[in-house]
Amino acid sequence: MADRVTVIGWDGSPLTAAARSALGAATLVAGAAHHLALPEVPERAERIRLGSVSLAARRITGHRGTAVVLADGDPGFFGVVRTLRAPEYGLEVEVVPAVSSVAQAFARAGMPWDDAQVVVAHRRTLRRAVNVCRAHTKVAVLTSPGAGPAELGLLIEGVHRTFVICEELGTDREQVTVVTSDKAADHTWRDPNVVIVIGGTVTGAVSENGGWLAGGDAREATPAPRGWALPAAEYDGPFGEGETELLRAAQLARLGPRTGDLVWDIGCGSGAFTAEAARFGAAVIAVDRDADACARTLAAARNFGVQAQIVHGTAPHVLEDLPEPDVVRVGGGGAPVVSAVADRRPARIVSHAATRDEAELIGRDLTEHGYDVECALLQSVELDTRVWTEKERTVGFLLSGRLPDRHP
């Protein structure tokens with residue numbers, strides 16, 4: 001095992017005294033080509049071109065001597081330190097940090113970033129990174145080959161965003177470009193790069209002191225009411241039969257929308273489900289054939305300070321061009337819409353029915369598509385607590401389908 005492992009962050013500025021000292025004593029140096037070309041790297045040291053960090057960690061584990069790993073930016077922020085500290089390698093790591101590429105990117109843009117989301121985009125996480133960009137007004141994306149600005153721009157189609165693309169930060173080839181998201185695919189971008197994604201509706205006044213939570217909105221909009229499945233009084237317009245508080249709470253519980261998800265809300269009605277799914281951090285596309293329902297949903301999203309894409313059209317035809325969903329609520333359209341949604345293979349689907357026959361039809365269709373189906377009869381009785389008499393009674397069937405071969 002290496003006697004000592006020092007991880008040095010490099011941001012293009014001259015190395016610190018501590019970094020130069022560690023490099024001077026190194027018998028093995030791992031890094032990218034531009035790191036290994038630094039004049040401070042000893043000629044006698046063994047050099048490892050850093051591709052797979054795991055492979056490099058194994059080499060370091062078997063090395064007898066002093067090892068140095070060079071990495072861009074802050075190596076403890078989505079960097080190599082996590083892998084090197086994994087228990088299977090047993091390495092004791094010292095870190096000499098540098099300014100992270102995210103901090104550099106926002107500095108070049110002249111913007112604060114304590115209210116920004118930060119995501120990493122690889123080929124396997126690109127779609128989830130895009131969903132975060134749909135759901136939030138300020139996101140920094142650490143890209144990778146095949147999951148860069150062009151791919152982000154193509155997948156975020158349908159919402160307008162501004163991209164601040166920072167290429168090769170800290171080098172002589174550094175370049176900062178501002179384009180709209182629909183133009184990002186028209187260029188070839190150099191790696192490595194960081195993309196700052198900005199846009200969406202902003203509500204509330206800007207606080208002079210910023211926020212109190214990193215990644216939170218620094219605006220002091222009126223706080224959302226506590227709780228979920230809020231009553232109709234919190235929204236503009238009456239609820240439809242599939243929007244009652246009890247049913248909506250059960251739908252949210254079955255779907256479990258979360259950051260990185262894309263939710264379809266088909267038959268969005270008052271916008272209550274859309275707003276509440278977005279409050280969980282998910283990206284939401286709300287669909288309705290009624291223009292007034294689309295307007296109410298947009299107003300609900302703005303009122304709660306969340307992002308939502310509103311699509312005016314009739315399901316199932318309008319669904320054909322929408323990006324792939326993770327979970328779906330079918331609030332209108334019945335079995336034909338549920339069937340069309342199931343063809344797209346989301347992880348979970350919820351719907352409702354007013355009669356047992358309709359519930360059986362939807363349930364059989366979900367089963368034929370390979371979903372594990374649950375059905376519950378929900379009854380809600382609202383009481384007037386002044387005299388403890390019944391005010392209103394609602395009854396309906398809740399159907400939920402879970403696709404076993406998708407991530408839970």
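The values are calculated or read from the model by the stated rules, or taken from the named source; none is laboratory data. The shown structure was predicted, so the numbers you read here are calculated from the model rather than taken from an experiment. For neighbour counting, all protein chains shown are included, and Cβ atoms are generated from backbone atoms with ideal geometry for every residue, glycine included. Surface areas here come from the heavy atoms of the whole protein model, side chains and all, with no ligands, DNA or RNA. Shrake-Rupley method; radii C 1.70, N 1.55, O 1.52, S 1.80 Å.
What does the helix-only formula give at 222 nm for the chain: each DSSP H stretch with n ≥ 4 adding -39500 (n - 2.57), the total divided by the residues, and the result rounded to the nearest 500 deg cm²/dmol? Walk me through the intermediate numbers first.
Details: 12 runs with 106 residues, N = 408.
Theoretical 222 nm ellipticity from helices: -7500 deg cm²/dmol.
Which value, in debye to the nearest 20, gives the size of the charge dipole of region 329-408 about its Cα centre, when Lys and Arg are +1 and Asp and Glu are -1 at the Cβ?
Values: 11 positive and 13 negative charges, 60 e Å.
The dipole of region 329-408 has a size of about 280 debye.
Would you work out which of 303, 198, 27 lies farthest towards the positive end of the dipole of the chain? Charges go on Cβ: Lys and Arg +1, Asp and Glu -1.
27
Would you work out the Kirkwood radius for region 303-405? I mean one over the mean of 1/r across all pairs of different Cα atoms, in Å. Walk me through the intermediate numbers first.
Working: mean 1/r = 0.0649 Å⁻¹.
Evaluated over region 303-405, this radius sits at 15.4 Å.
log10 I(q)/I(0), Debye, Cα-only region 248-371, no solvent, q = 0.18 Å⁻¹?
Per q value, in the given order, log10 I(q)/I(0) is -0.89.
Could you tell me what percent of the accessible area of the chain is made up of carbon and sulfur, with a 1.4 Å probe and every protein chain present? Mind dumping the intermediate values first?
On the way: 10080 of 19950 Å².
Using a 1.4 Å probe with all protein chains present, the chain comes out at 51 percent carbon and sulfur.
Could you quote the convex hull projected area for region 5-91, Cα atoms only and averaged over all directions, in nm²? Intermediate results must be reported in sequence, preceding the final value.
Values: hull surface 20.6 nm².
Seen from a random direction, the Cα hull of region 5-91 projects 5.1 nm² on average.
Highest first, please rank the peptides 127-133, 114-120 by the mean number of other Cβ atoms sitting within 10 Å of their residues. Walk me through the numbers before you get to the answer.
Working: 127-133: 24.0, 114-120: 19.1.
Top of the packing list down: 127-133, 114-120.
Would you work out the charge dipole size for region 265-319 about its Cα centre, treating the Cβ of every Lys and Arg as +1 and the Cβ of every Asp and Glu as -1, and quote it to the nearest 20 debye?
Working: 4 positive and 5 negative charges, 25 e Å.
For this selection, approximately 120 debye.
Averaged per residue, what accessible surface does the chain expose to a 1.4 Å probe, in Å²? Before the final figure, lay out each step's value.
Details: 19950 Å² over 408 residues.
Computed with neighbouring chains in place, this is 49 Å² per residue.
Could you state the orientation-averaged shadow area of the convex hull built on the Cα atoms of the chain, in nm² to one decimal? Spell out each step's value before the answer.
Details: hull surface 96.9 nm².
Projected area, direction-averaged: 24.2 nm².
What does the charge dipole of the chain about its Cα centre add up to, to the nearest 20 debye, if the Cβ of each Lys and Arg holds +1 and the Cβ of each Asp and Glu holds -1?
Dipole magnitude for the chain comes out near 1160 debye.
Highest mean first, how do 375-388, 274-287, 186-199, 29-42 rank when packing is the count of other Cβ atoms within 10 Å averaged over residues? Walk me through the intermediate numbers first.
Numbers: 375-388: 10.9, 274-287: 26.0, 186-199: 18.8, 29-42: 16.7.
My ranking of the peptides, most packed first, is 274-287, 186-199, 29-42, 375-388.
Provide, in order from the shortest bin, the percent of all Cα-Cα pairs of region 236-277 in each 5 Å bin, continuing until the bin that contains the maximum pair distance.
Each 5 Å bin holds this share of Cα pairs: 5, 23, 35, 24, 10, 3, 0.
As I understand it, the dipole of the chain uses +1 on the Cβ of Lys and Arg and -1 on the Cβ of Asp and Glu, about the Cα centre. Which of 61, 100, 73 lies farthest toward its positive end?
Value computed over the given set: 61.
Report the accessible area of residue 406, computed with a 1.4 Å probe over the heavy atoms of all protein chains in place, in Å² rounded to the nearest 10.
The value for residue 406 is about 80 Å².
Considering only DSSP beta bridges whose two residues both sit in the chain, what percent are antiparallel, to the nearest 5? Could you put the intermediate results ahead of the total?
Working: 38 of 76 bridges.
Within the chain, antiparallel bridges account for around 50 percent of the total.
So what are the three principal axis dimensions of region 62-116 from its Cα atoms, in whole Å, longest to shortest?
Principal extents (largest minus smallest coordinate, Cα): 45, 19, 12 Å.
Toward the positive end of the charge dipole of region 258-362, about the Cα centre and with charges on Cβ (Lys, Arg +1; Asp, Glu -1), which of 325, 264, 283 goes farthest?
283
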